[in-house]
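Below: the structure, in structure tokens.
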Amino acid sequence: MSSSSHKKRRLRKSSKVDRISDLPDSILCHILYFLPTKLAATTSVLSKRWKLLWLSVLAFDFDSSRFKTSDLFLRVVYSTIYRRDIALPIHSFHLKSRSWDIQKDVNQFVYLVGQRGILNLCLDLSKICRYIIELPTTILSSGTLKVLKLRNLIVGDNSQVDLHLPSLKTLHLNRVDFECHEHLMKILLSCPILEDLETKLCCVMDFQSRFSDEFAAFPNLIKARITEFYIPLSMVCKAKTLHIEVV
């Protein structure tokens, strides 16, 4: 056999080597971190080593539109959370659902991720949920939460809750309804190091309870984008980038 033929044979053999599986678990989990959870779960069929690896990622992205039914979607979310090692943290949890009858499920999911050191929480719900699904107030006392993004839900009475979000840097409220202005202000005042504030098409139902006091500006605010007059200008006036739009 010629040396050139032998060389080609070695090249073909080396091309079949699974170099991805040679990587340590920590790097593989980091790669899976950036995939939608349903796609990450499909890697479990690759080999015995991969079977449970996807459950060790620290970020989960669940989208009901990727599932045939709402029941299947919810079963997968519950199964994923409960099958993980309880000692493993969940740093990021993104829930996108188009179902309206999921209040108890939202309560449970928020509670579970809150117990696992959540850093980034995004609840992206359907339009009909805006008048039905209420944000569990337990998350508003999270000492670890850095990013909170809410879409189409209600923030109920938090007057009896000790709100404290000492680590929150990003707060985005999109079509979020508040029973009264006091409830909105209480959340804002619980975020001492806020850097990124965005509100869009939010609604305060009880105008009579609006605060008339002036509030100190957020000292760390980098950017603010607001589309309502519910946010006192005194709180966002020092933002490096400020966009105000009245719709």
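The values are calculated or read from the model by the stated rules, or taken from the named source; none is laboratory data. These numbers come from a predicted model, not from an experiment. No Cβ is skipped: glycine too gets one built from the backbone with ideal geometry, and neighbour counts run over all protein chains shown. SASA here: full protein model, heavy atoms, side chains in, ligands and nucleic acids out. Shrake-Rupley method; radii C 1.70, N 1.55, O 1.52, S 1.80 Å.
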*Mind checking the dipole of region 100-219: about its Cα centre, +1 per Lys or Arg Cβ, -1 per Asp or Glu Cβ, Debye to the nearest 20?*
420
*Any idea what the dipole of region 133-195 comes to, in debye rounded to 20, about its Cα centre with Lys/Arg Cβ at +1 and Asp/Glu Cβ at -1?*
360
*Which values of log₁₀ I(q)/I(0), to two decimal places, follow from the Debye formula for region 131-176 at q = 0.14, 0.28 Å⁻¹ with a uniform point scatterer at every Cα?*
-0.33, -1.14
*Would you mind checking the radius of gyration and Dmax of region 101-179 based on alpha-carbon positions, in Å?*
11.7, 32
*Under a point spin-label approximation (7 Å from Cα along Cα-to-Cβ), what is the residue 134-residue 98 distance to one decimal in nm?*
2.8
*Starting from the Cα of residue 223, step 7 Å toward the Cβ, then list every residue of region 111-145 with an amide N under 16 Å from that point.*
none
*At q = 0.12, 0.15, 0.25 Å⁻¹, work out log10 I(q)/I(0) for region 54-150 with the Debye formula, treating every Cα as an identical point scatterer and leaving solvent out; two decimals please.*
-0.35, -0.55, -1.54
*Stretch residue 241-residue 167 to full length: gain in nm at 0.36 nm per residue minus the Cα-Cα span?*
24.5 nm
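Just the accessible area per residue of region 60-154, please: how many Å² with a 1.4 Å probe?
The answer is 47 Å² per residue.
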*Entries in 169/240; 68/96; 127/223 that, when Cα-Cα distance is taken, lie over 19 Å*: 127/223
*Counting other Cβ atoms within 10 Å of each Cβ, which GluC sites (Glu not before Pro) in region 162-247 have at most 12 and sit in a DSSP loop?*
214, 245
